[in-house]
Structures are given as structure tokens and as C-alpha cells.
1. Only residues that are in contact with a Lys or Arg (Cβ under 7 Å, 6 or more places away or on another chain) and assigned to a strand (DSSP E or B): list them for segment 579-598, please.
2. Any chance you could count how many residues in segment 645-673 are open to solvent by 20 Å² or more (accessible area, probe 1.4 Å), under 15 Å from Thr604 (Cβ atoms) and hydrophobic (A, V, I, L, M, F, W, C)?
3. If the requirement is being under 30 Å from Val634 (Cβ atoms), open to solvent by less than 20 Å² (accessible area, probe 1.4 Å) and hydrophobic (A, V, I, L, M, F, W, C), which of these qualifies: Leu574, Leu570?
4. Which one of these does Val642 not meet: (1) at pLDDT below 95; (2) closer than 30 Å to Glu788 by Cα; (3) of a type outside the set (S, T, N, Q); (4) surrounded by fewer than 19 Cβ atoms within 10 Å (Cβ to Cβ)?
5. Take the conditions buried (at least 16 other Cβ atoms within 10 Å of the Cβ) and at pLDDT below 90 and apply them to Ile308. Does it pass?
6. Identify the residue in segment 505-532 that is in a strand (DSSP E or B) and among the charged types (D, E, K, R) and, among all such residues, is farthest from Arg475 (Cα to Cα).
7. When segment 427-449 is examined, which residues are found to be within 22 Å of Ser314 (Cβ to Cβ) and of a type in the set (A, V, I, L, M, F, W, C)?
8. Taking segment 232-263 as the region of interest, how many residues are more than 27 Å from Phe437 (Cα to Cα) and touching a residue at least 12 places away in the same chain (Cβ under 8 Å)?
Amino acid sequence: MVARKPSFRIIIGILSLITVLAGSNDLACATPFIETVDPPVLQRGAVTRVTLRGADLRQAVGVWTSLPTSPVSSSIISSSNLNEVTLDITVPADAPLGMHGLRLATQSGLSNVHLVLIDELPLTSAFSEIKVTGQLADQLTDVDLPCCVAAPCRPESVDRYGIHVATGQTVSFEVVGSRFGKNYDPLITVRDESGRIVAQRDNDPGLFYDCRFAHTFETSGRFIVEVRESRYEGNETWKYVLRMGDFPAAHVVIPSAVLPGVLPGESASFWLPEVSEERLALNITAPPRRRSFFQEVRSSSRGVATWIPLQTTSLTKHSLESEPNDDPDETATLATVPGTLHGIIDAPGDRDCFAFHMAKGQTLNFTGETREIGSAADIELVLYQSDGREVQRVDDASYLFKKQTVPLEARFTFAARTDGLHWLMIRELAGDGGPSFAYRIDIAEPQQTFTLTADVSRLTVPQNSWQPLPIKVTRERFSGPIELELIGAPAGVSLQPSVIPADVSEIVCRLVANGEAPLGISTLEIVGRWKSEDGMSHSEGIVSVHPMIDRQLIDKDRRLYSLRDNQLRLPPSLTSRFALMITPPAPFSIELPEELIVLTKYQTASFPIETQRLAGVAFDSPIVFQVTGGQIGVEEQERDNVFAHIPDATIDQPAVQGVFHNRINTQYEKARVDLSATAEFAGHEVTLFRTFELDLRSAFKPTFDPPTITVEPGGIATFKVLANRTPTYDGEVTVVPSLNVGLELPEKIIIPAGQPHVELSLPIPADRTPGRISIRCESTGNVGRYEEQLREPNLTIDVKKPK
């Protein structure tokens, strides 16, 4: 599905009211920040000189990338500027083409991740002329094909490139700009020398607002390729890469999943429906343990390559749709399930139907894939059972990421009600179609599986110390323990604990570096494994991560705007790899005596922090603290957040007390808090992180004891009303019951200040009809300057028929 662009005028109006936040879900928030990479493309098998610009980039020592192959090497050319560093980066020859992540490593730690392109084309010499076009707007520069040009996106300007083509020559064009995670929307226009437009392209499926297309020239000669921002917007941090050559202008490949048993380096047959009817033999480049990866594709052995998303699957049966198969009848394509269905909505209004047998009671999971494989389709799945009745119809699904709804393609679980043939119809919701409208439907039996996610994707760990690594787990169809294993970690680095206990959904592990852990930068992954007690069932999964890309907008009230699609959907090499940097020992340590802090709404709560300085080390800088997580924000945000005041720890005051405050609109919530402790040492920053839980509660939470009472007509219901106050509140609590239940209830039940409960007796009329009586109540109490109100407790009285 092609993304729709917001109005430029609306954006400008909003920007007058907002600022930007260097958002990150990593604990390591007090670290360098890369704003731009210049150029944003690195040639594989070669050295590229790159300038990084941003904040706190001093004392650079190297770079980290998310490449799944050999690591890059780098040498620092210039690092004297606080906000700029120049490096020579050597990319190994086996690096896969496509989008990957890059971080700068400094003596203070690892930076945020910035997306870069790995290409096989050398950067054209025109780049040196183009990048200095501050006053050279719309200058025309001739380039030779094939070429790769990188340039900044300048506001209200057009970059123009001259190319020479032969009659009948096909040239592919691609702009990479939005895929760098920026709010950039390129437009390509190709003109002849008279100014007539011969081709124009905005955004293409699977590329966010970028484009990739091919054009066949009817005449030879010189043509002008124009690149501009579609809204005429520009920003000094926005860069683009223009690729032109004979690479396949493809977005999808069929099949879009590698069959089991095909190993990396082996050849498999695929079809590029947007390019040719002929099949290609591709050498698979899937890294181990990855579900998605970029596959290199070229039209000929000497042609320029492009990259296409490809996935792996454990399903062994694959079916390719064949026309005509529009209806759920004998024309449907026969398939075997469990298995995978592949196809294309190849024309507007087209529908594809597959037929397969299901046994009564058989349960299957149906999962559609389009956007994830680069497709333009937005499909609907319709399932029919053997008598022709429709039994399921599903469009999009979704999941939550940082309280933001992220759409997924159609998926559902179905248990067959009858034996016999079933039909699955796939149709495009908007009625569109064409060679870019590919899909895949995975049909699998429910398995005992799990997913693991981490809130951290970079860790800077001093020797003889540790950093927290929170991991969340979601289990399906089992509740047992999951063993964790570090993959690729250097010697001396360990994960503690290495087992997630049964039924635990979140654990904070420690990534520990002992004194022998080698200093430097590395990449690690974490694999989880589960095995049933009888050993008959097992499952394996890799911990996924989601680093923040670019910056996140906040409004005038310092509330976060939604993330863009190119910040939500990351290149596959970034979604499981942790960046690790081992540094010399820290000059201090930190401990949090209390693992749980209770904060009462409208009140404050103190939390202790203890520090200890390393003996024999000249270190007298203050240790500065910061907390993040849950509803924690800044004091300037006035309505709906928690904020903290924490004094610095000094030589004279190594133990300090932080204080939490909360606003009137904060929500009752228990959440993890990440505390950072940062100090200047030997000319750079050292930051340690620790975690604890913050439970934001009401000052009181009345309950009835017992909550359910059984009594006969004419009897007396006796019970207590408990105040259940927090330790910091001792005030009066008023409980107001509903009065329309036909009983003689008091209008108010008051639990006096300092008194834990009151006792009540409620007579039940002798003529009361047996049945259940539900009494709903509201509770109030004055906490500080505010009245707190709860819609609870509830009391149930079961009036039983006399024996």
C-alpha cells in the first residue's frame, strides 16, 4: 500500500507550535547523537570518507554497523570539532546491499543509530561539485551511467543531472531519501532537452516516499534528470542518493520466502513480476536466525544490482496461483495446508481463490504478507467452508508499539466446523492491481512459540561492571522457562540471569563485563530456547530490538507525536542486533536500595541512591542523575506526567534522595524506571544505568470484607469497609453506595482519618425475593490540594431461598 503524504502547509503550521526530541528507547540516552551522515552511502569493498554531524561527537574511536557479515573498519581523519567528525570507513566485500544502521563510538559511548545505504556503485565524482551548491541552485551536472550520486536536499530548489542514452535503452532510476528515516519526499522528473517531460515518479510501494522505476527511451540523446523535494521543502540534515543504471526496477519477488533447506550461498529460482516473465537463479544471502533480509538481484551477471526484501519460512508446501481463479469453485488453485500461498493481484478487480482440505476441528493460523515483502497490495481475506458459506472475512490487523497502533496485513485463526474443501479468496481492498501487487499467505498450525523483545539496542559497559538489559516475553500455548544465550559476544561478557522463569513476562537481565573483557566495539544477538519437560516439543526465537530513527516531534505541551512509517518499519539487519562497546572501568558504582517505589497520586515519593567512588582514582566530578520510563517527563509538562528532582552525588554526599512528583492527570500504572548516573572523567563521560519499579497508586482503595455475602431474607448482612490507604496518606475516606437496590443503605459510609475500617450491618427485608444484589460505590478523599475519586468498591449480596 502506497503511503499518503501529509500536506506541506499543514506541516508548516504545526511546526510553529512544536519542537523536536532526540527520542530513543535505549537506556543509553546520555550519549552522542548523529544528525546526518555525509555522504549517506558507503561502497562495499572500498573506502568511503564520511563526515558525521550532530551533537557531542568528540573523542570518536570508530563506528558500528548492523551488517550481518564481516564488520567494517574505520580510521579517524578529524575529530577536533564537538559536533563533527570525519572518518574513512572500509566496508567488507561480502556486505549485503541495502539499508543498514550505523553508530558512532566515542569514549563516552555509542551514539544513536543512523541509517545508511550500502551500494556496489562508486560515488560519482559529481558529488564533490553538487554538495557545495549553496548558491548553485538548479545547476546542471552531466554524469555517466551507471552512477550513484549523493546530495543534500535544499529547500525550494531542483538538482539537475544530464545523461546520454541510446535509442531503445532502458535506464532504471532510484532515489533513497525517505528510507534514511527523514521526513523527506523526493520526486524525479526526466525531461528531454526541449523541457518535455518523458517520465516522472513520486513514491513507490515498499519504499516509503522513495521511488524505483525504469524508463525506455524512444530516442537517443541527452536527457535531464531532475530531483527535488515534492513539497519544495528542504533541510540541512536531509540527504538523498540517486542511483541510475541497468539494475532491475523491482519491488517484489515470487516466491517471497525461501524454502526450508535452501542454505546461504545456494541458488534458488525466483520470478520478478514487474521486470520479466523469466525466472532468475539467485544466490541466497539469508543470514542465520533471521526471518527477513535483503536479497541482491541483478538482470545479468554484469549488470548493476538492486536489493529486494525476502523472508524465510519453515513451511514446506508452496502453492502459486494460476489464472483463472477468481471464484470459490472448481477453478480455484488447489493447495495443501499447512503451507504457503503465493500470488499477484495482476489487474484491477482481480481476485485469487485457493482451495484446500480441512478436517473438522482442525485449527489453522492464516497470515497475510504484503507491505513486508515490498508489495503495493492491501488485501482482504475471505474464507468459505465446504457448503459455500462465508465463515471469515478479515482486512487489517494491528499491534501496539509505544502506545501507537501499527497496522499489519490481514491475519486470523480459524477452526474448521466441517470436513471438506475450503476456499480462501484474496482481493485488493481498493480494487487496484498490477505486477507490484504481490502477496503471500502463510497457513500454519498453531505452535508453542514465543516472542522476545528488548527495550535496549546499544550498551556501553565498563569493565568490571554491568548494564541492565530488560527483556519482555510473550508466550503462546506454554508457560515454561526460556533459556537465553549470547551469540557473538566477546570473551568476558555474560548475561545474568540466563533463564526467564516460567510465567514471567518481563525480566531485567544484567550484561556483565569482567576485567578481562576486551575493549572495543562488537555486535551480539540473544537467542531464546524452550523445550517441554518430555523433550517432545521445542521452540527457538531471537530477541528483537527497535532503535529510534531520527527524532520524534513533540507539541507545545511536550507530548509526543506519532512516529512516521519509516521510523516504525526498520531494515531487517537492525531488528535483532545489539551494539556493544566495552570501555575501561568506571570510576564509580551505583546501587538502588529499593526495587519498588510507591508514588501516591497528588503526593510525592522519595527514592534513595547510593554511590561509591573507586579508591585510588583521581575523580571528584559530581554524578548527575536522570530518570526515564513510564509516565516520566519533564517538569515543564504541566498536566499529565511524573517528574523527578534528584540532587547530584558528590564526594561529601555520596548518598542522595530523589523525589518523584506527579500531575493531576497521571494514570495509575506500575512501570519500570531507568535511572542514569553520569559523570565527567578523564575528559569524557561515564554513564551507568540501573532500574527499579515505580507504582503510581491512589491514596486509598476501599474494599468490602467479605466482597460477597450470602444471606436469607430477613437476615442481616454484616461486613467491613476497609480504607486500604497507602503509608503516606491517613485522611478520611468516604464511600457513597448506589441507593436504588431496595435496601436501607446509608447515603455515605465514612472511614474516619487514621481508622483502617468501619463495620456495618445491613438488614435484608423478609419479603426480599431471592437473587443477587450488586451494590456499586464511589469513593472520595482529599489528598493534598485535590479530591481523589474512584469508581469502587463493589459489594455483592446473594439472597438465598430459605432452607
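The values are calculated or read from the model by the stated rules, or taken from the named source; none is laboratory data. What you see is a predicted model; the values in this text were computed from it and never measured. A quick note on method: Cβ atoms are made from the backbone with ideal geometry, for glycine too, and the neighbour counts reach across all protein chains shown. The accessibility values were calculated without ligands, DNA or RNA, using every heavy atom of the protein model including side chains. Shrake-Rupley method; radii C 1.70, N 1.55, O 1.52, S 1.80 Å.
1. To start, the set of residues in segment 579-598 that are in contact with a Lys or Arg (Cβ under 7 Å, 6 or more places away or on another chain) comprises 579, 587-588, 590, 592, 598.
Matches in segment 579-598: Ala579, Phe588, Ile590, Val598.
2. Going through segment 645-673 one residue at a time, the tally reaches 3.
3. On the way: Leu570 fails: open to solvent by less than 20 Å² (accessible area, probe 1.4 Å).
Only one candidate qualifies: Leu574.
4. Result: Val642 fails condition (4) only.
5. Working: buried (at least 16 other Cβ atoms within 10 Å of the Cβ): yes; at pLDDT below 90: no.
So Ile308 fails the test.
6. Here is the first cut: in segment 505-532, the ones in a strand (DSSP E or B) are 506-513, 520-531.
This time we only want the ones that are among the charged types (D, E, K, R), so: 506, 510, 525, 529, 531.
Details: Glu506: 11, Arg510: 22, Glu525: 20, Arg529: 12, Lys531: 13 Å.
Taking the candidates together, the pick is Arg510.
7. Residues of segment 427-449 within 22 Å of Ser314 (Cβ to Cβ): 438-449.
Selection gives Ala438, Ile441, Ile443, Ala444.
8. We begin by selecting, within segment 232-263, every residue more than 27 Å from Phe437 (Cα to Cα); these are 232-239, 261, 263.
Checking which are touching a residue at least 12 places away in the same chain (Cβ under 8 Å) leaves us with 232-239, 263.
Counting residues in segment 232-263 that are more than 27 Å from Phe437 (Cα to Cα) and touching a residue at least 12 places away in the same chain (Cβ under 8 Å) gives 9.
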